[in-house]
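Encoded as structure tokens, the structure appears first; notes follow it.
The values are calculated or read from the model by the stated rules, or taken from the named source; none is laboratory data. Computed from a predicted model, the values in this text were never measured in an experiment. Note that each Cβ is placed from the backbone with ideal geometry, even for glycine, and that neighbours are counted across all protein chains shown.
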Amino acid sequence: MSRATRVLVTGAGGQVGVDLMDVLAGATPLGAATNFQPDGRVVTSDEFEVLGLTHHELDITDRDAVMRSVATARPDVIVHLAAYTAVDRAEEESARCFAVNSAGTESLSLAAHHHGAHLIALSTDYVFDGNKGAGYVEDDVTNPLNVYGASKRAGELLCSSGDTIVRTSWVMGVRGKNVVHVVADRAMSGASVRFVNDQTGTVTVAADLARALVTLVRERPGGLWNVANSGITTWFDVADFVGTTLGRGDDFAMAIATSELDPAPLATRPIRSDLVTAKFAHQWTALPEWRDGVARLVHDRALRPSGGAS
Ligand SMILES: NC(=O)c1ccc[n+]([C@@H]2O[C@H](COP(=O)([O-])OP(=O)(O)OC[C@H]3O[C@@H](n4cnc5c(N)ncnc54)[C@H](OP(=O)(O)O)[C@@H]3O)[C@@H](O)[C@H]2O)c1
């Protein structure tokens with residue numbers, strides 16, 4: 001019998017991390033599509049031997065600690081999810097953001113290379129400026145508009161050529177802090193919401209992304225891969241869909257322009273940064289359509305153990 005694949009996960013306590021830990025254990029996290037696995041192979045509970053490290057257990061800005069963790073774990077694959085993700089705060093904490101997203105990612109890549117592990121590192125649609133006017137494919141020219149995007153792009157460039165880099169976007173999980181919870185809470189309280197309708201992107205349900213990451217752990221393809229749910233949308237459309245799903249009418253969500261946000265956000269975001277996922281879909285299977293995923297989130301958030309805030 002072949003031995004289990006050893007997987008080290010950084011950022012295991014984050015939104016994607018908690019779902020990935022479940023999926024690697026053969027479980028179905030809240031928000032997941034039953035039986036969906038892009039390569040069609042069910043995950044068994046003994047396929048992976050997983051070590052998930054939270055921020056508390058490993059600070060990736062400590063290069064020696066990263067080297068020690070990888071030396072001890074001896075993983076076959078590292079899924080690197082740890083990141084500084086506060087997009088607006090990053091504008092005022094540039095050094096810290098770069099220390100985590102750029103230097104931290106370089107440390108993981110060096111440690112993986114040194115110990116013969118394959119690195120899968122997460123990146124973002126915010127490496128693009130949004131001016132293409134169409135969806136972004138993996139080879140498109142990058143030009144980040146904000147500190148977070150620049151730090152993630154620098155992290156990509158600090159990876160080794162054989163590493164796998166996964167660009168994803170607008171991530172939402174049952175157990176993360178995200179727009180679905182904010183909107184659903186307001187929908188259920190009888191309030192209304194205003195959301196921008198001039199930023200277009202691709203939603204990614206954390207549990208669906210976790211399933212895609214398992215496929216990449218198995219296949220270790222190397223190179224750039226866009227991973228997101230199918231279909232493009234705007235923040236307003238997401239809010240409107242959540243409201244409709246919860247039985248609210250046309251008066252629930254109001255569409256506004258980014259220029260109407262008050263106060264204006266610190267970070268500039270691309271107007272159109274949807275990711276074209278044809279490369280992943282052609283190799284395996286497309287992730288479900290975004291409304292299917294968001295409907296699962298709206299439904300399953302009521303099943304969280306606390307039943308309340310994430
Ligand atoms: N969320 C999105 O919309 C989105 C979009 C595109 C790409 N991505 C990328 O997808 C990946 C996963 O994102 P996510 O949504 O799961 O983000 P998340 O919920 O913010 O999780 C990131 C995790 O990294 C941890 N972390 C922060 N600084 C660290 C450090 N110095 N050392 C170790 N751990 C540290 C955080 O811990 P603390 O909370 O304790 O600091 C958190 O648990 C990231 O690479 C992110 O850049 C996310």
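Worth pointing out:
- Test: residue in the stretch 245-268 that is among the small types (Gly, Ala, Ser), within 28 Å of Thr10 (Cα to Cα) and touching a helix residue (DSSP H, G or I) at 6+ places or on another chain (Cβ under 8 Å): yes
- Residue list for the stretch 1-24, restricted to those being outside any helix (DSSP H, G or I), small (Gly, Ala, Ser) and either buried (at least 16 other Cβ atoms within 10 Å of the Cβ) or in contact (Cβ under 8 Å) with a residue 40 or more places away in the chain (or both): Ala4, Gly11, Ala12, Gly13, Gly14
- Some residue of the stretch 141-157 being away from the ligand (no atom under 15 Å from the Cβ) and farther than 30 Å from Val7 by Cα: yes
- The criterion of being in a loop (DSSP other than H, G, I, E, B), of a type in the set (A, V, I, L, M), more than 25 Å from Arg167 (Cβ to Cβ) and away from the ligand (no atom under 15 Å from the Cβ) holds for Ala27.
- Cβ-Cβ contacts under 9 Å between residues 6 or more apart (or on different chains), taken from a first residue in the stretch 26-41 that is β-branched (Val, Ile, Thr) to a second residue that is exposed (fewer than 14 other Cβ atoms within 10 Å of the Cβ), are listed as Thr28/Thr34; Thr28/Asn35.
- Unique residue being modelled with pLDDT of 95 or more and in contact with a strand residue (DSSP E or B) (Cβ under 8 Å, 6 or more places away or on another chain) when the list is Thr10, Thr85: Thr10
- Selection within the stretch 164-186 - among the aliphatic types (A, V, I, L, M) and assigned to a loop (DSSP other than H, G, I, E, B): Val174
- Residue under evaluation Ala278, criteria (1) hydrophobic (A, V, I, L, M, F, W, C); (2) over 27 Å from Asn35 (Cα atoms); (3) at pLDDT 95 or above, criterion not met: (2)
- Unique residue being among the aliphatic types (A, V, I, L, M), out of contact with any Ser or Thr (no Cβ under 7 Å at 6 or more places or on another chain) and more than 23 Å from Arg167 (Cβ to Cβ) when the list is Ala278, Ala264: Ala264
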